[in-house]
1. Being open to solvent by 20 Å² or more (accessible area, probe 1.4 Å), among the aromatic types (Phe, Trp, Tyr) and touching a residue at least 40 places away in the same chain (Cβ under 8 Å) is the requirement here; does Phe60 meet it?
2. Tell me whether region 92-115 contains one or more residues that are at pLDDT 90 or above, surrounded by fewer than 16 Cβ atoms within 10 Å (Cβ to Cβ) and polar (S, T, N, Q).
3. Could you tell me which residue of region 1-33 is nearest to the chain's Cα centre (by Cα), considering only residues that are part of a loop (DSSP other than H, G, I, E, B) and surrounded by fewer than 17 Cβ atoms within 10 Å (Cβ to Cβ)?
4. Residues in region 10-33: is at least one under 19 Å from Asn123 (Cα atoms), of a type in the set (A, V, I, L, M, F, W, C) and out of contact with any strand residue (DSSP E or B) (no Cβ under 8 Å at 6 or more places or on another chain)?
5. Looking only at region 34-51, which residues are buried (at least 18 other Cβ atoms within 10 Å of the Cβ) and assigned to a helix (DSSP H, G or I)?
6. Residue by residue through region 69-120, note down the ones that are in contact (Cβ under 8 Å) with a residue 40 or more places away in the chain and polar (S, T, N, Q).
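The values are calculated or read from the model by the stated rules, or taken from the named source; none is laboratory data. These numbers were taken from a predicted model, which means no experiment stands behind them. Note that we place each Cβ from the backbone using ideal geometry, even for glycine, and neighbour counts take in every protein chain shown. Surface areas here come from the heavy atoms of the whole protein model, side chains and all, with no ligands, DNA or RNA. Shrake-Rupley method; radii C 1.70, N 1.55, O 1.52, S 1.80 Å.
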Amino acid sequence: MASDLSDLLHPDLITVGVTASNKKMLFQQLGALAAQTLGLAGGAVSTALAEREKLGSTGFGGGVALPHARIQGLPRIVVMIARLAQPVEFQAVDDMPVDLIVAILSPPDAGADHLKALARVSNRLRDRAFVAKLRGAGSRDAIYALLTSDEPGSTRDAA
């Protein structure tokens, strides 16, 4: 299975240097980004992410979180990436604060495709060297290049 995530990504849904003091503020910023780029109701996106988070932390470990939600009016599954300026507390499995967020938004009827997208993204994020490259990428374009490369350990210079 290809590790390239280009079918789920849009460059304008990647943001770096985000400042948020907590999860709520972070989800509000992700909602605003979704509203601006996808024309969705920002409040609905932030609420859906927060509601899913109440079921259990999506803090993945290693400073990474994988929040996800189903959003009414969304035509296809999309992935949003946010790299924070300062880590926030996320009640992650390893109790480490989170500075890299990879959010998955799906249409309500995405079903198995939502789970497949979660699996694809989480498999990519299990590669610690790859996560280190995402943290080191200097720009939104560099992050996009890393995530759309088909090789998990790609040596492509994306900085």
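1. Yes: the conditions hold for Phe60.
2. For region 92-115, residues at pLDDT 90 or above, surrounded by fewer than 16 Cβ atoms within 10 Å (Cβ to Cβ) and polar (S, T, N, Q): absent.
3. His10
4. Looking through region 10-33, none of the residues is under 19 Å from Asn123 (Cα atoms), of a type in the set (A, V, I, L, M, F, W, C) and out of contact with any strand residue (DSSP E or B) (no Cβ under 8 Å at 6 or more places or on another chain).
5. Across region 34-51, the qualifying residues are Ala34, Leu38, Gly42, Val45, Ser46, Ala48, Leu49.
6. From region 69-120, those in contact (Cβ under 8 Å) with a residue 40 or more places away in the chain are 70, 77-86, 88-90, 101, 103-105, 110, 114, 117-118, 120; that's our starting set.
Once the filter is applied, which keeps residues that are in contact (Cβ under 8 Å) with a residue 40 or more places away in the chain and polar (S, T, N, Q), region 69-120 yields only Gln86.
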